[in-house]
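S.K.: Structure below; questions to follow.
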Amino acid sequence: MDALVFKSVCHAVARSIRGTVDEVALAGVTPNFHTALIAIPDSKTTVLSHEVLPVVAFAASPPQPGGPLTNFISPPAWADAFELGGFRLLDVEELSMPLAAADTSELAEAELGQVRYWRPSTVGELMFNWWE
């Protein structure tokens, strides 16, 4: 996913809910995801966007560099606006699915090698990670 598209959609979503985008961190060598912190008067929500796939997930707090993402939350009521921007919303159930129960048949051999090395336990840990 183009980082500029993600940033643009985040700002559009924030405007639509009378919020602000407090910070944006773009994917690099690591992590493999972009983050944005969207703030409204009574709360802040971290939005995660995969670097390649057009999906977004939501977390209770910003990720800690190098740490696994385990604090996923359900998409907020205003999250549907991301779908208008071309993103698919990921829910907690999908992200918490044990990796052993997921279909990984479409992963390339290099990706499977990373899975064997890093041993993520959930789909969320596989999708949003700090691997090289």
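The values are calculated or read from the model by the stated rules, or taken from the named source; none is laboratory data. Not measured: the values here are computed from a predicted model. Neighbour counts are summed over all protein chains in view; Cβ atoms, including those assigned to glycine, are modelled from backbone coordinates with ideal geometry. Each accessible area value is taken on the protein alone, full model and side chains, heavy atoms only, with ligands, DNA and RNA left out. Shrake-Rupley method; radii C 1.70, N 1.55, O 1.52, S 1.80 Å.
S.K.: Which residue is farthest from Ser16 (Cα to Cα), if the candidates are limited to segment 47-100 and must be part of a loop (DSSP other than H, G, I, E, B), open to solvent by 40 Å² or more (accessible area, probe 1.4 Å) and touching a residue at least 60 places away in the same chain (Cβ under 8 Å)?
M.R.: Of everything passing the filter in segment 47-100, Gly66 is farthest from Ser16 (Cα to Cα).
S.K.: Right, next: Tally the residues that are more than 20 Å from Glu51 (Cα to Cα) and basic (Lys, Arg), restricting the search to segment 85-118.
M.R.: Count: 1.
S.K.: Just need a number here: residues in segment 1-11 that are farther than 19 Å from Ala77 by Cβ and either of a type outside the set (Asp, Glu) or open to solvent by less than 70 Å² (accessible area, probe 1.4 Å) (or both).
M.R.: 7
S.K.: Taking Leu107 as meeting all but one of (1) open to solvent by 70 Å² or more (accessible area, probe 1.4 Å); (2) in a loop (DSSP other than H, G, I, E, B); (3) without any contact (Cβ under 8 Å) to a residue 60 or more places away in the chain, write down the number of the exception.
M.R.: (1)
S.K.: Can you say whether Gly124 is assigned to a helix (DSSP H, G or I), farther than 15 Å from Val13 by Cβ and in contact (Cβ under 8 Å) with a residue 60 or more places away in the chain, as far as the supplied structure shows?
M.R.: Taking the combined requirement at face value, the residue satisfies it.
S.K.: Based on what the data block shows, is Trp130 under 17 Å from the mean Cα position of the chain (by Cα), over 14 Å from Ala57 (Cα atoms) and surrounded by 11 or more Cβ atoms within 10 Å (Cβ to Cβ)?
M.R.: Considered against the rule, which asks whether it is under 17 Å from the mean Cα position of the chain (by Cα), over 14 Å from Ala57 (Cα atoms) and surrounded by 11 or more Cβ atoms within 10 Å (Cβ to Cβ), Trp130 comes out as yes.
S.K.: Can you pull out the residues in segment 8-28 that are part of a helix (DSSP H, G or I), more than 13 Å from the chain's Cα centre (by Cα) and in contact (Cβ under 8 Å) with a residue 24 or more places away in the chain? Spell out the reasoning first.
M.R.: Going residue by residue through segment 8-28, those that are part of a helix (DSSP H, G or I) are 8-16.
After this cut, where a residue has to be more than 13 Å from the chain's Cα centre (by Cα) as well, the list is 8-9, 11-16.
Result: Ser8, Val9, Ala12, Val13, Ala14, Ser16.
S.K.: Could you count how many residues in segment 12-46 are open to solvent by less than 30 Å² (accessible area, probe 1.4 Å), closer than 16 Å to Pro65 by Cα, of a type in the set (A, V, I, L, M, F, W, C) and touching a helix residue (DSSP H, G or I) at 6+ places or on another chain (Cβ under 6 Å)?
M.R.: Total meeting the criteria: 1.
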